[in-house]
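The values are calculated or read from the model by the stated rules, or taken from the named source; none is laboratory data. Everything quoted here is computed from the prediction, not taken from an experiment. Cβ sites come from the backbone with ideal geometry, for glycine too, and all protein chains shown count toward neighbours.
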Amino acid sequence: MSTECHDEVCITCSDQLLSLIVTGVDLDASVARGTVDGLATEVGIELIDEVLVGDVLLCHGGVALQRSAPLEVGA
Amino acid sequence: MKFADEFRDADLARALAARIAGEAGDKHWKIMEVCGGHTHTIFKYGIEDLLPSNVELVHGPGCPVCVIPMGRVDDGIAVAHEPGVIFTCFGDLMRVPGSDGSLLDAKAAGADVRMVYSPLDALKIAQQNPDKKVVFYAIGFETTAPSTALTLLRAKAEGIRNLFVFCNHVTIIPPMKAILDSPDLRLDGFLGPGHVSTVVGIRPFEFVTNTYNKPVVVVGFEPLDILQGVHMIMQQIQEGRCEVENQYRRVVHDDGNPKALEVLARVFKLRSHFEWRGLGFISQSALELRDEFADHDAEKVFSVPGVRVADPKACQCGEVLKGVLKPWECKVFGTACTPETPIGTCMVSSEGACAAYYNFGRYSRARDRERVLASGERPAGNGNGTANGAVAERDLRAIPVQTR
């Protein structure tokens, strides 16, 4: 990980979503707190319905864009 | 890591690559991955070298850093030098060369240029520095634009007036259309951009199937995602189908994220035209702020030069971005142009095709090139069985195999 990029991929390059595991939700501030690869961070959750602790959110540019679906192995 | 390791299974990858090789026949397949993230994955895991030589992956224009024209970089630098400005941008953009240096050079010359991970960080800087004008250089496709839009909506709601956005957001469909209209390139299908589709869904790509009769498979960013996408395109063609398929269902919904689309529509409108490096001006291919946000629009608030600057003559990023040239076929690849001293934008971002080749396949490619040039032939497109192939095997072996 360089000082500029996360996991070798620059955030600029847009098509990279980071998985955040939610550990706390502040509905008043519209943010979820959690960890990305073990690093504590927070993201905006205006674009996701009903975020709960334990959700895995896919985030980009400090904003959650999607909730990750449970994986169906073999599907 | 959950949701990732399952798609890095080395044995499955080898088996799928063998299946692709078995079904490829004698046809020369050309499949474009639109997105720079896919390009990065392809080189990081050596996927090109697992595929047979007649299945060629063509690298598309989906790296926003790579398609920024030099003049827009100069515009940003000019704003950064204005008195009282704190200029913020994502990391890679700081190294993109303008006609007279980069934003990093501007920082070294005294401009207050700061790297941020989110436009929301720029908003915080604006709150902490009410006597300064904080400018965010917005760049990226539909995946990044929602964070800019939300930042502006928050600024409006909180009455923060010293945040400005220099908007360079682009959209993915117009450049795909430009490529499809280009006489230079014959493609069999597209690996669609997985995370852009998280926002826009898969329906915007139906024009590719309906108008151009090329299949599209929206894919994820792990090695098995890419290989499965290639296989799905081949299956469509062999079965006489032409559809938009969604391989990345664990993330992408067919309708995208309606809330994100609604936010984008509130803040942005389409520009009449925008210049793309290598592709020229494309109508309605970029976003600008709606009039309600004019007070936050850096192009309206600051004096932006707006001068169009031609690319350096030695640079062949345009041909690389259209997939006409392989990066290592560029005259300056790996010599005058490297990630440390980039001439072209494709060498700047880790998702740029040139940087990906340089970082993950340079040496074998260079050897291939020297050998082929010495023989007087045109370089072949794929190095299956080369030293690079050995690197790919090693990389896949290094990936933990899942027990099921």
Q | Spans of helices (runs of 4 or more DSSP H) in the stretch B:299-399 with at least 3 residues at pLDDT below 55 | A | B:353-375, B:387-398
Q.
Quick check on my filter: what residues within the stretch B:105-157 are in a helix (DSSP H, G or I), closer than 20 Å to B:D92 by Cα and among the charged types (D, E, K, R)?
A. B:D105, B:K107, B:D121
Q. If you take the residues of the stretch B:159-178 that are touching a Leu at 6+ places or on another chain (Cβ under 8 Å) and part of a helix (DSSP H, G or I), which of them is farthest from B:V196 (Cα to Cα)?
A. B:A178
Q. Given the structure, is B:L153 more than 14 Å from every other protein chain (Cβ to nearest Cβ), modelled with pLDDT of 95 or more and either touching a Leu at 6+ places or on another chain (Cβ under 7 Å) or within 25 Å of B:P204 (Cβ to Cβ) (or both)?
A. no
Q.
Looking at B:S53 and the list (1) among the small types (G, A, S); (2) more than 30 Å from B:C317 (Cβ to Cβ); (3) surrounded by fewer than 24 Cβ atoms within 10 Å (Cβ to Cβ), which single condition is not satisfied?
A. (2)
Q | Residue in the stretch B:234-247 that is in a loop (DSSP other than H, G, I, E, B), out of contact with any helix residue (DSSP H, G or I) (no Cβ under 9 Å at 6 or more places or on another chain) and either within 14 Å of chain A (Cβ to nearest Cβ) or closer than 29 Å to B:K27 by Cβ (or both) present | A | yes
Q. Of all residues in the stretch B:203-213 being surrounded by fewer than 22 Cβ atoms within 10 Å (Cβ to Cβ) and not polar (S, T, N, Q), which is nearest to the other protein chains (Cβ to nearest Cβ)?
A. B:P204
Q. Quick check: anything in the stretch B:179-187 part of a helix (DSSP H, G or I) and surrounded by 16 or more Cβ atoms within 10 Å (Cβ to Cβ)?
A. yes
Q. Given B:K27, B:K44, which one is surrounded by fewer than 23 Cβ atoms within 10 Å (Cβ to Cβ), within 14 Å of chain A (Cβ to nearest Cβ), within 24 Å of B:K322 (Cα to Cα) and not hydroxyl-bearing (S, T, Y)?
A. B:K44
Q: Select from the stretch B:235-280 the residues that are on the phi > 0 side of the Ramachandran plot and either touching a Leu at 6+ places or on another chain (Cβ under 6 Å) or surrounded by 14 or more Cβ atoms within 10 Å (Cβ to Cβ) (or both) and list them in ascending order.
A: B:G256, B:G278
Q | Filtered residues of the stretch A:37-66 (kept if more than 7 Å from chain B (Cβ to nearest Cβ) and either among the hydroxyl-bearing types (S, T, Y) or in a loop (DSSP other than H, G, I, E, B) (or both)) | A | A:D37, A:G38, A:T41, A:I45, A:I48, A:D49, A:E50, A:V51, A:L52, A:V53, A:G54, A:D55
